[in-house]
1. For residue 110 paired with residue 128, estimate the spin-label separation in nm (one decimal), with each label point 7 Å from Cα along the Cα-to-Cβ line.
2. Over the Cα atoms of the stretch 6-93, what is the Rg over Rh ratio if Rh follows Kirkwood?
3. Sort largest first and round to whole Å: the equivalent ellipsoid semi-axes of the stretch 28-68, each the square root of five times a Cα gyration tensor eigenvalue.
4. For a label point 7 Å from the Cα of residue 102 along Cα→C-beta, name the residues of the stretch 43-83 whose backbone N is under 20 Å from it.
5. Under the 0.36 nm per residue contour assumption, what length would be gained going from the current alpha-carbon distance of residue 141 and residue 71 to full extension?
6. In nm, what is the difference between 0.36 nm times the number of residues separating residue 33 and residue 163 and their Cα-Cα distance?
7. Could you work out the Rg to Rh ratio of the stretch 5-51, with Rh taken as the Kirkwood radius (inverse of the mean 1/r over all Cα pairs)?
8. Output needed: percent of Cα pairs per 10 Å distance bin for the chain, bins running from 0 to the one holding the longest distance.
Amino acid sequence: MITPTLGGLLFGFAFLVWELADWFPGIKPLQTDLVRQLGRLLPFLLSWCVGALTVMVVGGLVGWIGDTALWGLNVFGDGLLVYGVGAQTGTAPGSTAAPLTQGGLLITALVLIGFLARRKSGARNSKWRGWGAGIGLGLSAGVARYAAVPLASGVNLAGAWLTAAVA
């Protein structure tokens with residue numbers, strides 16, 4: 001299991017900032033139609049959740065994809081920090097894994113299938129930025145406490161319900 005480094009966090013936050021900069025409609029639209037404007041962030045938020053779930057899977061092909069993606073974000077982000085701005089890097093405070101039950105893994109697989117199957121042209125870039133941000137930030141301590149742990153718990157609960165309902 002790969003742990004996040006400051007480079008991985010850099011890319012996670014970079015994807016988040018990129019999405020917010022691309023999304024920001026201006027002050028006037030936010031004052032007049034806040035709910036609709038915030039609703040435009042929903043594809044990114046859902047994709048972020050898929051990315052966080054991907055990096056929580058510890059085995060199989062999806063676990064390998066999540067580890068490889070986080071490793072890549074860590075390496076490139078650390079390189080940017082060290083050689084780009086002269087910073088020092090290291091392991092970010094966080095979790096090495098968020099435990100998913102067998103039912104949680106089943107739900108995660110279904111969510112990933114839906115994520116890959118959904119092809120909406122307008123939200124395509126937002127989807128991949130959200131997935132990358134979820135990979136980069138999903139296991140960091142501050143994010144995991146408020147988002148990844150409840151997300152893992154929700155998926156585990158849904159998986160327990162689904163497997164009990166079907167079996």
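Derivation of every value follows stated rules applied to the coordinates shown; laboratory data play no part. Quantities reported herein were computed from a predicted structural model and do not represent experimental measurements. Methodologically, a virtual Cβ is constructed for each residue, glycine included, from the backbone with ideal geometry; neighbour enumeration extends over all protein chains shown.
1. Using points 7 Å along Cα→Cβ, the separation is 2.8 nm.
2. Numbers: Rg = 16.3 Å, Rh = 14.9 Å.
My calculation of the ratio gives 1.09.
3. 34, 6, 5
4. 57-63
5. Gain in length upon complete extension: 23.5 nm.
6. This chain segment gains 42.7 nm when fully extended.
7. Radius of gyration over Kirkwood radius for the stretch 5-51 works out to 1.07.
8. 11, 36, 33, 17, 3, 0
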